[in-house]
Amino acid sequence: MLARPINIVCHAMLLSVLVLWYHDFKAVQKTKTHAVNIIHKGISLTQPVNTVLVEVKDAKNHALSYYMDVESVTCGDSQCRVDRVRMYWDDLGRFNRIELPHGVHLEKAQGLQFSTADYLKLEMILKDENSGLKDFYKHELVSTVGGEGVDALSGATVFIEKSAYVEGAVWTCYTLWHWAHNDINDIIRIITGDDYSNLALEQLLEQEGYQKFAIEQLSRRHVYNEGLLNAIIEVNQVRPELLRTSLAYLETLPKQDFDTAIKRFYQGLPECNHLEFFKSMIQSEQVYPADFFSVVKIKVSDLSFQEIHLLLEVFRSKIEIDSVAMEQLVQLLHQNDFLKAREVYYFLKTQDLTENQGKVLLAFYEANKTRL
Amino acid sequence: MKRRNFFKNTVKGALGATLIPMTNLSCSSSSTASVLPNSEQEKPYGNTNPEQWHQMGTGKKRRPNRATTLTYDVAVIGGGAAGMCAAVAAARNGMQVVLIQDRPVLGGNSSSEIRVHLNGVNQLKDGLPERETGIIEEMLLHNRFHNPQDAYPVWDHVLFDFITRETNIDLKLNTSAMRAIMNGDTIEAAYCWQMTTETEFTIKAKQFIDCSGDGLLAATAGALYRTGREAASEFNEKFAPKEADGWQMGSTVLLGAKDMGRPMPFEPPHFTIKYDAEKSHKGRNLIPFELGFWWVEMGSDDDIIGEYEDIKETLMGHAYGVWDYLKNSGKFPETENYALDWVSSLPGKRESRRFIGDYILSEPDLLSNKQFPDAVAFGGWSLDEHNPGGIENLSEPPSYFHEDFEEPYQIPFRSLYSKNVSNLLFAGRNISQTHMALSSSRIMATCALEGQAVGTATALCVKHNVLPRTLGENYINDLQEQLLRDDAFIPNRPAVDNTDIAKQAQLIFASSTSSGAANLLTDGWSRDYNNTVHHWESEGLPAKVQMEWNENVKISKIEIKCDTNVKRNIMLRRDSLENDFYTTGIPKELLKALDVEVRVKGTWQKVGSLDKNRTRLIKFDFDPVQATAIRLNLKETYGAENVKLFELRCYAS
């Protein structure tokens, strides 16, 4: 089918975001179809929809994008015309755009066509993963009671935030949003992941935007090697937001690998992630190696109050404190930061200390007993 | 007779009637009366004396004199949303309060007698609510726990429960405040009549709050008031008429219809007034029909109070007329199985007297969002001015929704007390405002905020031994701070409470954070506002929040404001609407279970615990301790994955 721009002047600004005609991909690109079952909130909460997801591949046989042909309206009040539209996702399962067949325009209530502004708003709505449409069930969407401008005596009836839909096309927005965001996002990531070898996934750790995906997929496959660990440590230094994905990966490792990996991981950790790391230690299902802190050579004096607070919790619940860390804590009693010192004091009071350490503790008590 | 004796006697009497043969009854009665001491248990008729009643019937003995004089700190007239909140606010701030309500139930326009939705700032221009907090929210939440079925008669008793559990409130139902007894410009007492007990009450109080809507007490006190519409020029109101007139928005008779599952014929009663649909403005929507029609409404350009019963009878005719049209015109086959299952006999009023205070709130104040130094409440319903003539003016739209608001507007304290009666305050539709301002502010949740403000104000008046005007002039900061502490919200007026020890803490931190920040819990804002975040939100549950002081501090109170999602309405509705902005459930964000600890000499001690919290404002009172830290252990919400808090306060006493 030939591409035909509709109202090209009016829609020129949309071309990058919302394509209004079909490309004939089959003619130039390799595709693979996948039968998928997905729950669409606007159709059924229990019965999956059996549909076909088309994977568009690049020359290396990796996923380039995905599309699915769907109906624009699957529910509602029969006020809108139902059109067949094509929804696109990128290779990582993120919604990308919709395309309309030749000559088709989306329609609002009373037969009005979508305007340029409507298309722009629709695109913004569909790309918003946390749209107000997300938590709505179809029976909640349109109230059976009154219009929007009603009196105090009967109560204004509003069914959804105005920014979450194109006026006159709430069902279309709802239907398309739930096509764009459902199980399909995870399904696509798995399909894409399966196209990659372990080595290719490791290489993706160097590719901007693909690191999280790569770690997730490697985690799914339980892959571990020295080089991979180094790569993950490196990527965490520049992308601290990958900490949780990375820790989730480490959690899946066998005990022997975990013991080695977790120490090295901590040593390469950016300071801003210490707090989150200590939290994860407390919640971890792994048994941390007893020599963890002596190996990583933790420097307690550099930690913030909250980090110390959590570290002490780690000592109470996960790893027995060693003598080096104990001495570091005692030294904190000499610090000017009273809150930190007091936090440490309460901890040390419960520990077996050396005679000298005990004297320091007592001196701290004497000096501060009115504020303990 | 005391109530407990009544029940006791009733049971004894019933037993006697069952066990003793009728022939012996009179002998038994007389012999018992002569032999035994004056013991009510042994009398077959309980504690009554037939002879006494016979003598009263014949006039030999005068009827009981039930006139009683009672003295309180504060008398609140009117048991609607405004009056209830005023009474609770005054009572919780230490006042002995009487709440006078002339109906058998509480709730005013929201009661089962009228069934108007308790609306407030339901929807601003962006489509979102900015819901009221404080006492009115507590009531609405109370309803969610006790009345998940959304039954209006139960709502009446939810309110009864809410009010009567306050030990400082004496509730007098079926009681009308008929006349003020004056001493100069001061109300000394309110003469009241309780219809059901034939009792005259002379209610003495230091402060009087008239939340009755029509304001009979205030009017008889000589308080200045207005009725009708101001000329546009008087307050520069663009939606007001050019010339002033007497028009007052009307009252409405609501109805409810039920699907009976089978065809239901309808025969209109004789007083039905035919509805002329052809002449009606298209804004008079007939669909949906299940909840009745707010536009079945009649006002007056004269004495709307005096005409009330006539208006009511005519309105009933119109209400049945509209229903007759739906059922019998043949144009609405969808009504075939429907039948009326409730029609109000008490039209809900919108407008009558508006008393004059030191400031008259007007349309430009609302539209320009004027910032008042004495702001104590807020509103945000659209300017919703019903058409002159009501249902007898079919060609016009039933209401003019002149304008919505970008953000809530403020209501000043000076509009809430009388200009010329020194100890008289107002809350509700009768406050000092123009007709145009009323078209927005008459909404019940807005009235409730005014109620909390004046109830709190009376307590401060008594505390400082001043009258309302002086309170506003010299102690407005105290009033605003108390309101904010009690979980009222005043737009653009954050709390700055110097007695709040939490503000002196060196550190506040949380075990996890998904949005906001723990240190925002002491920034004085109790909600996110104007796109600015003022909350801390955990990442998952359980979660902890800890506050540290360098020195020991004396603490006996910890007060927390948690999330109830003020962007979602929670009032009782006749349609039980459930969507993103209305819910019939308990807000899932509400904190359900928590405990609080204080650290004393290095040891954590639990000082409070709740397993089923029901309020946004959570208070823990305990014996004073010297502590260096407090810790909140937040365990569970009513469904939300994370817990969100807005405020954490600590007080020495």
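The values are calculated or read from the model by the stated rules, or taken from the named source; none is laboratory data. The model shown is predicted, which means the values in this text are computed figures rather than measured ones. Here Cβ is always computed from backbone atoms with ideal geometry, including for glycine, and neighbour counts include all displayed protein chains. What goes into the accessible areas is simple: the full protein's heavy atoms, side chains included, and nothing from ligands, DNA or RNA. Shrake-Rupley method; radii C 1.70, N 1.55, O 1.52, S 1.80 Å.
Quick check: from the Cα gyration tensor, does region A:239-327 come out rounded (a/c under 1.5), prolate or oblate? Please list the in-between numbers first.
Values: a/c = 1.61, a/b = 1.21, b/c = 1.33.
It is oblate, given that a/c is not under 1.5 and a/b is not larger than b/c.
When you have a sec, figure out the Kirkwood radius of region B:296-391 from all distinct Cα pair distances and drop it here in Å to one decimal? Evaluated over region B:296-391, this radius sits at 17.2 Å.
If you take the Cα centroid of region B:501-555 and the Cα centroid of region B:573-641, the two points sit 14 Å apart.
Listed values for region A:320-332 are Karplus-derived 3J(HN,Hα) couplings in whole Hz (6.51 cos²θ - 1.76 cosθ + 1.60, θ = phi - 60°), namely 5, 5, 9, 5, 5, 5, 4, 5, 4, 5, 4, 5, 5, and x replaces Gly and Pro. Taking 7 Å steps out from each Cα toward its Cβ at B:SER329 and A:GLU234 produces label points 7.8 nm apart.
Inter-label distance, A:ALA200 to B:THR197: 8.7 nm, where each label sits 7 Å from its Cα along the C-beta direction.
If A:LEU353, A:LEU199, A:LEU228 are ordered by their accessible area, calculated over protein heavy atoms with a 1.4 Å probe, which sequence runs from highest to lowest?
Numbers: A:LEU353 50, A:LEU199 110, A:LEU228 0 Å².
Greatest to least solvent exposure: A:LEU199, A:LEU353, A:LEU228.
For A:LYS162, the solvent-accessible surface with a 1.4 Å probe is about 60 Å², rounded to the nearest 10.
Karplus-based coupling profile of region B:492-507, in residue order and whole Hz: 6, 10, x, 6, 9, 9, 6, 8, 7, 5, 4, 5, 8, 5, 7, 8, with θ = phi - 60° in 6.51 cos²θ - 1.76 cosθ + 1.60 and x standing for Gly or Pro.
Which value, in Å³ per residue, describes the convex hull spanned by the Cα atoms of chain B? Intermediate values should be presented prior to the final figure.
On the way: hull volume 141.6 nm³, N = 653.
Considering the Cα atoms of chain B, their hull volume per residue is 217 Å³.
Placing A:TRP89, A:TRP171, B:TRP193 in order of accessible area, with the largest value first and a 1.4 Å probe, yields B:TRP193, A:TRP171, A:TRP89.
When the solvent-accessible surface of protein heavy atoms is calculated with a 1.4 angstrom probe, in what order do B:ASP276, B:ASP102 fall, highest first? Please report the intermediate quantities before stating the final value.
On the way: B:ASP276 55, B:ASP102 85 Å².
Largest accessible area first, the residues go B:ASP102, B:ASP276.
How long are the three semi-axes of the equivalent ellipsoid for region A:196-289, computed from the Cα gyration tensor as the root of 5 times each eigenvalue, in whole Å, largest first? Working shown, then result.
Numbers: eigenvalues 79, 48, 24 Å².
Equivalent ellipsoid semi-axes, largest first: 20, 15, 11 Å.
Projecting each Cα onto the charge dipole of chain B (Lys/Arg +1, Asp/Glu -1 at the beta carbon, about the Cα centre), which of B:TRP323, B:VAL253, B:LEU394 comes out farthest on the positive side? Of B:TRP323, B:VAL253, B:LEU394, it is B:VAL253.
Pairs over the 24 Å Cα-Cα cut-off, from the set B:LYS172/B:LYS204; B:LYS567/B:LYS588; A:LYS255/A:LYS297; A:LYS134/B:LYS588; A:LYS340/B:LYS554; B:LYS172/B:LYS312: B:LYS172/B:LYS312. Loop-located GluC sites (Glu not before Pro) in region A:305-372 (DSSP state not H, G, I, E or B) with no more than 13 neighbouring Cβ atoms inside 10 Å: A:GLU320. Between the amide H of B:ALA189 and those of B:ILE181, distances stay under 5 Å, these residues lying 5 or more places away or on another chain, with hydrogens modeled in the peptide plane.
Over the residues of chain B, the helix contribution to mean residue ellipticity at 222 nm works out to -7500 deg cm²/dmol, using -39500 (n - 2.57) for each DSSP H run of at least 4. Solvent exposure of B:PHE332, expressed as accessible area, is near 30 Å², computed with a probe of 1.4 Å over the protein chains only.
Please give the FRET efficiency for A:HIS334 paired with A:GLU241, using the beta carbon to beta carbon distance and R0 = 35 Å, rounded to the nearest 0.05. Kindly include the intermediate steps, with their values, before the conclusion.
Values: r = 36 Å, r/R0 = 1.04.
Given R0 = 35 Å and the Cβ-Cβ separation, E is 0.45.
Between B:LYS274 and A:GLU123, what FRET efficiency follows from the Cβ-Cβ distance if R0 is 41 Å, with the result rounded to 0.05?
Values: r = 52 Å, r/R0 = 1.27.
Plugging the Cβ-Cβ distance into 1/(1 + (r/R0)^6) gives 0.20.
The figure for A:ARG97 is an accessible area of roughly 40 square angstrom, using a 1.4 Å probe on the protein chains alone. Taking label positions 7 Å along the Cα-Cβ direction at both B:ASP126 and B:ARG226, the computed distance is 3.3 nm, reported to one decimal. Converting phi to 3J(HN,Hα) with the Karplus coefficients 6.51, -1.76 and 1.60 and the offset θ = phi - 60°, region A:334-341 yields 8, 6, 6, 6, 5, 4, 4, 4 Hz in sequence order, with x at every glycine or proline. In a fully extended conformation the segment linking A:ARG94 and A:ILE282 would gain 64.4 nm over its present Cα-Cα distance, using 0.36 nm per residue.
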